[in-house]
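The block underneath contains the structure these notes are about, expressed in structure tokens.
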Amino acid sequence: MRIDQSVTREILSRTDLAAFVGQYVTLHKRGRDLVGLCPFHAEKTPSFHVHPDRGFFKCFGCGKGGDAIRFLMELENLRFPDAARVLAKRAGVELADEDPREGRRRSEREAIYDANKIAASYYHRLLLQDPRGEAARRYCESRGISRSTIEAFQLGFAPPEWSSLGDELHRENIEVQIALAAGLVKARGEGRGVYDVFRNRLMIPTYATTGETVAFGGRALADENPKYLNTGTTPVYTKGRFVYALNVARRGAAKSGTLIVVEGYLDCIALHQAGFDNAVATLGTSFTAEQAAELRKYAENVYVCYDADLAGQAATAKSVDILIAAGLHARIVALPAGEDPDTYVRSKGADAFRTLLDAAIPWVEFMLDRELQRISGGFTTAAEIARRAEQLVRSLPREEWDRWRVYVAGKLRLSPDDLRLSRIYADPGRFSPKAPPGARFTRHLAPAPKRVTFERDVVAAFVEEPLLLDEYAGRIAPGAFVDPVLREVLEQLYAARAELRTVADVTALFAERGDVVALLAELELGERSKLRRFEDTSQRRAFLDRVAALLDARRRAAEVREELVTLEHDISSLLSEGRPIPKEIKERQVQLEDALREAEHKRERKEVSTTSNGS
């Protein structure tokens, strides 16, 4: 869709840039500018500036800048026409719309948005007005969902018939291929038409923050399986990317500076009905980095309120890792056993839930408590508990060690000095018998292989941030390691990578391996090297990328060398038989020798880069 420049100017002139950006970013006055944390990259010191009088924004951290349309394009990953259309509607500027039914004149995504909008309207109408929706209306009443909440979230009802929605889409001239792509219908097979995906369910639409209907969740009205049926991956929807109710919660987040993250649709809806207008849900998926990035656009502080059961607590732990990595501040809301946010707020009321929010604990305390339960159980000795607890403390930022060492020691009924000195007492070398004066001893031991510096640093990088293991499993092979201990450690890290989220997880993995524990202690879990320290994820990735490139260069050099040896063997055989050497073999020999020199040169440069100070 082509938009005239005069129309673009009118859209921008009618858009209050400060008010618009302020919906997404908390801004503070600084001279003539407004300043806040950039929504496009993680930062702790504000470098994002808005200039309302000149109508543009600029981040001096990541370099992004532009007008209101550009801001929306970057924020929501929209094309220029789509962002302009959203702002035009907001500013009251009329644009010449294309016919929404003409698939050739618009993208598949827009056609799917339209099909989803028609489906949401149809489901909503059936829930509110149609006799077939009576059972769904009774279900909503049993869950305490009011009519105003039904309307606010556009809840609906999918009737039990197999082609009810399909017929409605046909009446609205939605092509079957679009309905299939949207995940609203499925093909019967053998050319026998299609049938509705959602039947006899309470329908809960999910909206993008720009207003489009992107997906649906269907809740069974009785004890049916599955309890929830959700839209699969479509051209407009990917699981783990969208956050339910963020389109409405962002306003509450702008006021309070916080978001409440829950697991289920109905948990979120119940909180909104109780007055917590900053609640969102993760759409029944494991929390993802993409969702964390979405939350960070609207708030820096997050309350995590998952179910009180074991599965909910495990989900909380995984979510915390991702939230912290995204630069968010997290506090954990502790629900009573057997409760979820929906049941709690309906039975105890809004004030009781607000009390839980006020009592929410810092994420560090939550994670420490979980790990302390694990390391203090069984028949573990007090000395071993102290050593593991100290390792746990040292997995935190160094400036936090003293504070949390006191907390951990108190939970374990030990003194902070017990933890602090545990690393010294665990080192048997410090308590070796002292040789009498003048005595000389000769040790006849096989020399241990020299540990290559980059091998130690690779393991240390993965120990500090286990979430990187999956990313490099196919690029940094354990077989390339010279040190057998480090090679085995890396093999085990890769094998268990699905379960490793924190330093404490790694420590627990090797808890029964004294030699590996000693190695990890030597690396000091974050304080390990005076030559190389990784301040953040980007530095670890940069180093690991260099190692991967080095290993690739070594592999290529070995392949060239092997082919060259084979070729020279063939040449020797020809000469011994008194036969001439073909021209193509001579040319190939020259090519391989040149390639080997180039590969060795690249490998040497990679070696220098990988072992250089401060890498």
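The values are calculated or read from the model by the stated rules, or taken from the named source; none is laboratory data. This structure is a prediction, so every number in the text was calculated from the model and none was measured. When we count neighbours, we look across all protein chains shown, and the Cβ atoms used for this are built from the backbone with ideal geometry, even at glycine. Keep in mind that these areas ignore ligands, DNA and RNA; they rest on the heavy atoms of the full protein, side chains included. Shrake-Rupley method; radii C 1.70, N 1.55, O 1.52, S 1.80 Å.
For region 295-320, which positions are touching a residue at least 60 places away in the same chain (Cβ under 8 Å) and open to solvent by 40 Å² or more (accessible area, probe 1.4 Å)? Listed by number, the residues that qualify are Glu300, Lys318.
Considering region 376-395, and only residues there that are at pLDDT 85 or above and not small (Gly, Ala, Ser), the residue that is farthest from Val516 (Cα to Cα) turns out to be Val393. Under 7 Å between Cβ atoms, which residue pairs at least 6 apart in sequence (or on different chains) link something in region 272-293 that is among the β-branched types (Val, Ile, Thr) with a partner that is open to solvent by less than 50 Å² (accessible area, probe 1.4 Å) and assigned to a loop (DSSP other than H, G, I, E, B)? Cβ pairs passing all conditions: Val280/Val243; Val280/Ala245; Thr282/Val243; Thr285/Gly240; Thr288/Gly240. Taking region 1-88 as the region of interest, the strands (runs of 3 or more DSSP E) fully inside it that hold 2 or more residues being farther than 22 Å from Arg109 by Cβ and touching a helix residue (DSSP H, G or I) at 6+ places or on another chain (Cβ under 9 Å) are 33-36, 48-51, 56-59.
Would you call Leu500 modelled with pLDDT of 85 or more and among the hydrophobic types (A, V, I, L, M, F, W, C)? The answer is no for Leu500. Among the residues examined, Arg532 qualifies as open to solvent by less than 30 Å² (accessible area, probe 1.4 Å), of a type in the set (D, E, K, R), out of contact with any Phe, Trp or Tyr (no Cβ under 7 Å at 6 or more places or on another chain) and modelled with pLDDT under 65.
Residues that are within 20 Å of Ala88 (Cα to Cα), open to solvent by 50 Å² or more (accessible area, probe 1.4 Å) and of a type in the set (Ser, Thr, Tyr) do occur in region 1-23, at least one of them. The condition of being small (Gly, Ala, Ser), open to solvent by 10 Å² or more (accessible area, probe 1.4 Å) and out of contact with any strand residue (DSSP E or B) (no Cβ under 7 Å at 6 or more places or on another chain) holds for only one of Ala325, Ala292, that being Ala325. Is there a residue in region 246-269 that is open to solvent by 30 Å² or more (accessible area, probe 1.4 Å) and among the acidic types (Asp, Glu)? Checked region 246-269: at least one residue is open to solvent by 30 Å² or more (accessible area, probe 1.4 Å) and among the acidic types (Asp, Glu). Per this entry, Thr316 is not counted among residues that are modelled with pLDDT under 95 and over 24 Å from Phe287 (Cα atoms).
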